[in-house]
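Beneath this line is the structure, given in C-alpha coordinates, with notes to follow.
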Amino acid sequence: MNDTIVTKVFDMSSTLDTSTYDTAAFDRGTSPVIQMLSPEQARQLLEYRGDEQLRQRIDELAAKSNEGALTPAEKAEYEGYVRANKFVAILQAQAQKFLDPARS
(Lines give C-alpha, C1' and ligand atoms only; values in the text may rest on other atoms or scores of the structure.)
Protein backbone atom coordinates (compact mmCIF):
# COMPACT_ATOMS: atom_id res chain seq x y z
CA MET A 1 0.00 0.00 0.00
CA ASN A 2 1.41 3.43 -0.88
CA ASP A 3 0.59 5.66 2.07
CA THR A 4 2.10 8.75 0.46
CA ILE A 5 -0.76 8.76 -2.00
CA VAL A 6 -3.52 9.13 0.55
CA THR A 7 -1.72 11.60 2.77
CA LYS A 8 -2.16 14.16 -0.01
CA VAL A 9 -5.90 13.55 -0.25
CA PHE A 10 -7.03 13.97 -3.83
CA ASP A 11 -4.07 16.14 -4.80
CA MET A 12 -2.90 15.93 -8.39
CA SER A 13 0.69 16.27 -7.18
CA SER A 14 0.40 12.76 -5.73
CA THR A 15 2.62 10.13 -7.24
CA LEU A 16 0.74 7.99 -9.70
CA ASP A 17 1.75 4.45 -10.54
CA THR A 18 1.36 4.45 -14.30
CA SER A 19 3.19 1.16 -14.77
CA THR A 20 -0.03 -0.86 -14.63
CA TYR A 21 -1.75 0.67 -17.66
CA ASP A 22 -1.06 2.31 -21.00
CA THR A 23 -1.19 6.02 -20.17
CA ALA A 24 -1.87 7.06 -23.77
CA ALA A 25 -4.88 4.75 -23.91
CA PHE A 26 -6.09 5.92 -20.52
CA ASP A 27 -5.73 9.57 -21.57
CA ARG A 28 -7.62 8.85 -24.77
CA GLY A 29 -10.39 7.21 -22.79
CA THR A 30 -10.72 9.93 -20.13
CA SER A 31 -10.02 13.06 -22.16
CA PRO A 32 -13.49 13.17 -23.79
CA VAL A 33 -15.07 13.11 -20.34
CA ILE A 34 -13.05 16.14 -19.26
CA GLN A 35 -14.01 17.95 -22.47
CA MET A 36 -17.62 17.85 -21.20
CA LEU A 37 -16.70 20.16 -18.33
CA SER A 38 -16.88 23.91 -18.41
CA PRO A 39 -13.65 25.74 -17.52
CA GLU A 40 -15.17 26.55 -14.11
CA GLN A 41 -16.00 22.89 -13.47
CA ALA A 42 -12.47 21.89 -14.47
CA ARG A 43 -11.07 24.45 -11.99
CA GLN A 44 -13.34 23.05 -9.27
CA LEU A 45 -12.07 19.56 -10.02
CA LEU A 46 -8.48 20.81 -9.74
CA GLU A 47 -9.23 22.39 -6.36
CA TYR A 48 -10.98 19.34 -4.91
CA ARG A 49 -9.25 17.92 -1.84
CA GLY A 50 -12.08 16.13 -0.03
CA ASP A 51 -13.81 17.45 3.06
CA GLU A 52 -12.18 17.66 6.48
CA GLN A 53 -13.94 14.55 7.80
CA LEU A 54 -12.69 12.51 4.82
CA ARG A 55 -9.13 13.78 5.23
CA GLN A 56 -9.20 12.95 8.95
CA ARG A 57 -10.47 9.43 8.29
CA ILE A 58 -7.79 8.80 5.68
CA ASP A 59 -5.10 10.14 8.01
CA GLU A 60 -6.39 7.84 10.77
CA LEU A 61 -6.32 4.82 8.48
CA ALA A 62 -2.88 5.76 7.12
CA ALA A 63 -1.47 5.93 10.65
CA LYS A 64 -2.97 2.56 11.53
CA SER A 65 -1.66 1.11 8.27
CA ASN A 66 1.85 2.34 9.04
CA GLU A 67 1.58 0.60 12.42
CA GLY A 68 0.24 -2.59 10.84
CA ALA A 69 -2.92 -2.24 12.93
CA LEU A 70 -5.71 -2.14 10.32
CA THR A 71 -8.60 -4.55 10.66
CA PRO A 72 -9.62 -6.31 7.44
CA ALA A 73 -12.57 -3.92 7.07
CA GLU A 74 -10.34 -0.89 7.60
CA LYS A 75 -7.80 -2.23 5.12
CA ALA A 76 -10.54 -2.59 2.48
CA GLU A 77 -11.79 0.93 3.26
CA TYR A 78 -8.27 2.36 3.07
CA GLU A 79 -7.56 0.61 -0.23
CA GLY A 80 -10.80 2.10 -1.59
CA TYR A 81 -9.57 5.57 -0.68
CA VAL A 82 -6.23 4.88 -2.36
CA ARG A 83 -7.99 3.81 -5.57
CA ALA A 84 -10.32 6.82 -5.44
CA ASN A 85 -7.38 9.14 -4.89
CA LYS A 86 -5.56 7.77 -7.92
CA PHE A 87 -8.65 8.16 -10.08
CA VAL A 88 -9.31 11.73 -8.93
CA ALA A 89 -5.64 12.63 -9.39
CA ILE A 90 -5.78 11.38 -12.97
CA LEU A 91 -8.94 13.39 -13.63
CA GLN A 92 -7.24 16.43 -12.10
CA ALA A 93 -4.26 15.99 -14.41
CA GLN A 94 -6.67 15.81 -17.36
CA ALA A 95 -8.46 18.94 -16.14
CA GLN A 96 -5.10 20.74 -15.93
CA LYS A 97 -4.34 19.79 -19.55
CA PHE A 98 -7.81 21.00 -20.56
CA LEU A 99 -7.29 24.38 -18.88
CA ASP A 100 -3.67 24.85 -19.92
CA PRO A 101 -2.83 22.78 -23.02
CA ALA A 102 0.63 24.38 -23.19
CA ARG A 103 1.62 22.60 -19.93
CA SER A 104 1.00 19.14 -21.34
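The values are calculated or read from the model by the stated rules, or taken from the named source; none is laboratory data. Everything quoted here is computed from the prediction, not taken from an experiment. Don't worry about glycine lacking a Cβ; one is built from the backbone with ideal geometry, like all the others, and counts go over all protein chains shown.
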Complete set of residues in the range 73-89 that are of a type outside the set (Asp, Glu) and surrounded by 14 or more Cβ atoms within 10 Å (Cβ to Cβ): 75, 78, 81, 82, 84, 85, 86, 88, 89
Candidate set from the range 31-61 (those that are without any contact (Cβ under 8 Å) to a residue 24 or more places away in the chain and among the acidic types (Asp, Glu)); member that is nearest to residue 84 (Cα to Cα): 51
Residues of the range 50-90 satisfying the condition of being touching a helix residue (DSSP H, G or I) at 6+ places or on another chain (Cβ under 7 Å) and not in a helix (DSSP H, G or I): 70
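Among the residues of the range 31-49, is there at least one that is among the β-branched types (Val, Ile, Thr), surrounded by fewer than 16 Cβ atoms within 10 Å (Cβ to Cβ) and out of contact with any Lys or Arg (no Cβ under 8 Å at 6 or more places or on another chain)?
Applying the first criterion (among the β-branched types (Val, Ile, Thr)) to the range 31-49 yields 33-34.
Narrowing the set further to residues that are surrounded by fewer than 16 Cβ atoms within 10 Å (Cβ to Cβ) leaves 33.
Narrowing further to those that are out of contact with any Lys or Arg (no Cβ under 8 Å at 6 or more places or on another chain): 33.
Checked the range 31-49: at least one residue is among the β-branched types (Val, Ile, Thr), surrounded by fewer than 16 Cβ atoms within 10 Å (Cβ to Cβ) and out of contact with any Lys or Arg (no Cβ under 8 Å at 6 or more places or on another chain).
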Qualifying positions in the range 89-104 - of a type outside the set (D, E, K, R) and without any contact (Cβ under 8 Å) to a residue 12 or more places away in the chain: 101, 102, 104
One residue from 16, 46, 37 being closer than 22 Å to residue 100 by Cα and modelled with pLDDT under 80: 16
Selected residue (criterion: nearest to the chain's Cα centre (by Cα)) from residues of the range 56-104 that are farther than 23 Å from residue 42 by Cβ and of a type in the set (Asp, Glu): 79
